[in-house]
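These notes concern the structure reproduced below.
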Amino acid sequence: MIFVLLETANQRLTEPSLETLTAARDLALKLGDATEALLIGSGVRALAPTLKGLQSVSVVEDTRLTGYVPEAFAKIAAEAIQKKRPNTVLAPGTEVGNDWLARVAVRLDLGLAAGCTGFSVENGALKSVTRTNWGGSLLEEIEILSNPKLLTLQPHAVSAQPLTGGEPTVETVTVTLDERDFRVRMKELVRKEKKGLSLTEAKVVVGGGRGLGNAEAFKLLEELAGLLNNAAVGATRVATSNNWRPHSDQIGQTGTQIAPDLYIAVGISGAIQHMVGCKNSKKILAVNKDSEAPIFQRADYGVIGDLHQILPALIAEIKKLKGA
Amino acid sequence: MKVLVCIKRVPDTGGGFRLTPDSKRVDTTNLGFAISPHEECAVEEAIRIIEKHGGSSTVLTLGPTAAQEQLREALAKGVSSAILLETEDYESWDAGAVAQAIAETVRSMGFDLLLFGNESADACNYQVGLRVAHLLDLPCVSGIKALEIQERRAIAKRDSPEGWEVYELSLPAVFTVKEGINVPRHPSLRGIMSAKKIPIEQKKPIRRDPQMARELLKKPQEGRQLEILGQGVEAVAKVATKLRELGAI
Ligand SMILES: Cc1cc2nc3c(=O)[nH]c(=O)nc-3n(C[C@H](O)[C@H](O)[C@H](O)COP(=O)(O)OP(=O)(O)OC[C@H]3O[C@@H](n4cnc5c(N)ncnc54)[C@H](O)[C@@H]3O)c2cc1C
């Protein structure tokens, strides 16, 4: 049996949870196996019957379990796994899912493959998985030697399909939780003031790198972004570690992963750790003075030249176009 | 305060990866090495906490002899002492094995605060810190981007799309840190000189049976066809047309 740990937000399944269910069902089909799932939270019970095609859904309803409570969730999942003895356990490879399954893995002393993008089935058994290394700029095929096999699914690795089939049996699980299971829990949520379009919302992102030379030069990028539809400014790690831009502007492996319609990379060499953060852009336009820069191997459009001359000229050109 | 910070040595791959002929590992010939980025921030956080609250900090890594370079870098920045769990075969250690070796090493050392990176740059396992916490029966919050120590409590914040999630744990506690929590300092020349005199404690860890076995590494497909729009300012008219075509203007 394949057992899925589901992540919810506001009594709904998150997109990565739906992707994980899709991947689990797909794997179950290949293995000729059943799929079951675990739902924990407050007011999540109503979701269980909607998980069509699953054999059974275990539900833990508890008002204390609103939001993610790490140790309690790990204890419940570990106990369910011991009782149900699945051969594979799948969770979304999100911040919650990776944290959750890591805690389960150590409790049960099992290996865990985080960030999986594919499965290889041989002779009716899961032989190995493909998982992300280096934030996805490299892939690793790995065998999980311990049983059950624990894995988290990299977000966007599969697209969520509607669930079809019969309604699952709903099992109510009761658990005993003590103070210890609540020693890690969110105390409060401090909402952030929203300043303009975020990098993940923007349709166009203008990114700047070392080629800009200083914080001041980013004003050129701000001006360009201001002239484009739904645009925001991003940066490389060189720009953030020099304090030219805040870290929240960083695009890449250890920054934000963006997927705009257009990414304009200015004065950026195209290092893999940067590109892994913008590879889902529909189009990439690069401005770089070095025609040999790796960014040109990873872009759709290229302009070769000095950004300090090109940007002001481009800004003037766009103003002219818009004025006309 | 006694602070432990655990780091990983990773190759500084810039423009692309080269794999060894057997595709088992990244070919690191001619590559430099660095402290993995999240851990670099964990090192900075450890130093700042000690600067503010007093006490001592220890940096630890499990890795080859050459990882002394990364330990020295942390010492040069201001960490007080270093431990190397030395194994040349470090690539065959899975996250569970690394966590067990670290937990056994530090169990009786009385740290108040244990810092890790949220995930290492290369393996991206997202689990060593969480595993160590459980093995030591300590509370842990992963992926934090702010940390403040007040008396015997730690207030940590996670950055989520909804806002800042605030957690409060009593010490001792474990945190895994994300880049962005601070901007790491560069070591001073004086720091580099005095770090050379600090002895690194070396231990040979015993690897327990692996639970994971790598078969190979491979590169994901990239497929973009480059069109050069032009050189220098002459290109701007064409760029503007393209931007309009793409709906950006
Ligand atoms: C584990 C790890 C994680 C990392 N995570 C990230 C990450 O999340 N995000 C990230 O961005 N980086 C990350 N990096 C760093 C990454 O490897 C590169 O060092 C970084 O992206 C380079 O930034 P850059 O392109 O701004 O600088 P450089 O590589 O120095 O490139 C500058 C470019 O600007 C061009 N240029 C200079 N002057 C001009 C001019 N006047 N006009 C036009 N072009 C000009 C140059 O030709 C050059 O190509 C990470 C590294 C590691 C090891």
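Within the range B:65-96, restricting attention to residues that are small (Gly, Ala, Ser) and surrounded by 22 or more Cβ atoms within 10 Å (Cβ to Cβ), the residue that is farthest from B:Ala34 (Cα to Cα) is B:Gly96. Please state which of the following conditions A:Arg245 fails to meet, knowing it meets all the rest: (1) within 12 Å of another protein chain (Cβ to nearest Cβ); (2) in contact with a His (Cβ under 8 Å, 6 or more places away or on another chain). The one condition A:Arg245 does not meet is (2).
Quick check on the range B:204-224. Is at least one of its residues aliphatic (A, V, I, L, M) and under 30 Å from B:Ala76 (Cα atoms)? Quick ask: steps written out before the conclusion?
Step one: of the range B:204-224, the residues aliphatic (A, V, I, L, M) are B:206, B:212-213, B:216-217.
So of that shortlist, the ones also under 30 Å from B:Ala76 (Cα atoms) come out as B:206.
Scanning the range B:204-224, I find at least one residue that is aliphatic (A, V, I, L, M) and under 30 Å from B:Ala76 (Cα atoms), so the answer is yes.
Contact map, the range A:28-52: first residue in contact (Cβ under 8 Å) with a residue 60 or more places away in the chain, second residue among the acidic types (Asp, Glu), Cβ cut-off under 9 Å, separation 6 or more or different chains; pairs are A:Glu36/A:Glu171; A:Arg45/A:Glu61; A:Ala48/A:Glu167; A:Ala48/A:Glu171; A:Pro49/A:Glu167; A:Thr50/A:Glu167; A:Leu51/A:Glu167; A:Lys52/A:Glu167.
Within the range B:161-208, the set of residues being of a type in the set (Asp, Glu) and either touching a residue at least 40 places away in the same chain (Cβ under 8 Å) or closer than 23 Å to A:Gln250 by Cβ (or both) comprises B:Glu162, B:Glu165, B:Glu179, B:Glu201. Quick check: anything in the range A:152-172 surrounded by 18 or more Cβ atoms within 10 Å (Cβ to Cβ), within 10 Å of chain B (Cβ to nearest Cβ) and either in contact (Cβ under 8 Å) with a residue 40 or more places away in the chain or under 29 Å from A:Ser42 (Cα atoms) (or both)? There is at least one residue in the range A:152-172 that is surrounded by 18 or more Cβ atoms within 10 Å (Cβ to Cβ), within 10 Å of chain B (Cβ to nearest Cβ) and either in contact (Cβ under 8 Å) with a residue 40 or more places away in the chain or under 29 Å from A:Ser42 (Cα atoms) (or both). Being within 8 Å of the ligand (Cβ to nearest atom) and either more than 9 Å from every other protein chain (Cβ to nearest Cβ) or buried (at least 22 other Cβ atoms within 10 Å of the Cβ) (or both) holds for only one residue in A:Gly234, A:Gly255, and it is A:Gly255. Only one of the numbered conditions (1) modelled with pLDDT of 95 or more; (2) more than 24 Å from A:Gln154 (Cα to Cα) is violated by B:Asp89, and that is (1). Scanning the range B:10-24 for residues that are within 16 Å of the ligand (Cβ to nearest atom) and either outside the structural domain of B:Leu85 (by TED's automatic domain parsing) or over 29 Å from B:Glu148 (Cβ atoms) (or both) yields a total of 8.
Using the structure shown, decide if A:Asn214 is within 12 Å of the ligand (Cβ to nearest atom), more than 13 Å from chain B (Cβ to nearest Cβ), surrounded by fewer than 18 Cβ atoms within 10 Å (Cβ to Cβ) and of a type outside the set (Lys, Arg). Show your work before the answer.
Numbers: within 12 Å of the ligand (Cβ to nearest atom): yes; more than 13 Å from chain B (Cβ to nearest Cβ): yes; surrounded by fewer than 18 Cβ atoms within 10 Å (Cβ to Cβ): yes; of a type outside the set (Lys, Arg): yes.
Yes: the conditions hold for A:Asn214.
As a summary of the residue check, B:Glu162 satisfies the conditions (1) at the interface with chain A (Cβ under 8 Å from one of its Cβ atoms); (2) within 21 Å of B:Gly129 (Cα to Cα); (3) more than 17 Å from the chain's Cα centre (by Cα) except for the one numbered (2).
Here the range A:262-277 is the region considered, the condition is being more than 9 Å from the ligand (Cβ to nearest atom) and more than 8 Å from chain B (Cβ to nearest Cβ), and the residue that is surrounded by the fewest Cβ atoms within 10 Å (Cβ to Cβ) is A:Tyr263.
Against the numbered list (1) within 16 Å of the ligand (Cβ to nearest atom); (2) within 20 Å of B:Ile144 (Cα to Cα); (3) in contact with a helix residue (DSSP H, G or I) (Cβ under 8 Å, 6 or more places away or on another chain), B:His38 comes up short only at (3). If the condition is being surrounded by 18 or more Cβ atoms within 10 Å (Cβ to Cβ) and touching a residue at least 40 places away in the same chain (Cβ under 8 Å), then the range B:18-36 contributes B:Val26, B:Ser36.
For every residue, the table says whether it meets (1) in a strand (DSSP E or B); (2) under 25 Å from the mean Cα position of the chain (by Cα); (3) small (Gly, Ala, Ser).
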site	(1), (2), (3)
A:Pro16	no, yes, no
A:Glu19	no, yes, no
A:Asp33	no, no, no
A:Leu38	yes, yes, no
A:Ala46	no, no, yes
A:Gly53	no, no, yes
A:Ser58	yes, no, yes
A:Lys75	no, yes, no
A:Ala78	no, yes, yes
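Scanning the range A:280-324 for residues that are touching a helix residue (DSSP H, G or I) at 6+ places or on another chain (Cβ under 9 Å), more than 7 Å from the ligand (Cβ to nearest atom) and touching a residue at least 40 places away in the same chain (Cβ under 8 Å) returns A:Leu311, A:Pro312, A:Leu314, A:Ile315, A:Ile318, A:Lys319, A:Lys322. For the range B:96-120, a residue qualifies if it is under 12 Å from B:Ala42 (Cβ atoms) and more than 12 Å from chain A (Cβ to nearest Cβ), and the qualifying residues are B:Leu113, B:Leu114, B:Leu115.
Identify, from the list A:Thr94, A:Thr88, the residue that is touching a residue at least 24 places away in the same chain (Cβ under 8 Å), among the polar types (S, T, N, Q) and surrounded by fewer than 24 Cβ atoms within 10 Å (Cβ to Cβ). Outline the logic, then answer.
Values: A:Thr88 fails: surrounded by fewer than 24 Cβ atoms within 10 Å (Cβ to Cβ).
Only one candidate passes the filter, namely A:Thr94.
Condition test on A:Asp99, is it farther than 13 Å from B:Glu119 by Cβ and among the acidic types (Asp, Glu)? Judged against the criteria, A:Asp99 is not a match. Residue count for the range A:124-135 satisfying the condition of being within 21 Å of the chain's Cα centre (by Cα) and facing another protein chain (nearest Cβ under 7 Å): 4. As a summary of the residue check, A:Met186 satisfies the conditions (1) buried (at least 17 other Cβ atoms within 10 Å of the Cβ); (2) within 16 Å of the ligand (Cβ to nearest atom) except for the one numbered (2).
Within 16 Å of the ligand (Cβ to nearest atom) and over 30 Å from B:Ala156 (Cβ atoms) - does that describe any residue in the range B:44-51? No, because not a single residue in the range B:44-51 is within 16 Å of the ligand (Cβ to nearest atom) and over 30 Å from B:Ala156 (Cβ atoms). Condition check for B:Gly223 on (1) buried (at least 16 other Cβ atoms within 10 Å of the Cβ); (2) among the small types (Gly, Ala, Ser); (3) at pLDDT below 95: one failure, at (1).
Would you tally the residues in the range B:37-59 being buried (at least 24 other Cβ atoms within 10 Å of the Cβ) and not in a helix (DSSP H, G or I)? Total satisfying the criteria: 2.
Being modelled with pLDDT of 95 or more, over 25 Å from B:Lys242 (Cβ atoms) and either among the charged types (D, E, K, R) or not assigned by TED's automatic domain parsing to the domain that holds A:Lys282 (or both) is a condition met by at least one residue of the range A:211-226.
The values are calculated or read from the model by the stated rules, or taken from the named source; none is laboratory data. All figures in this text were calculated on a predicted structure; none of them were measured in a lab. When we count neighbours, we look across all protein chains shown, and the Cβ atoms used for this are built from the backbone with ideal geometry, even at glycine.
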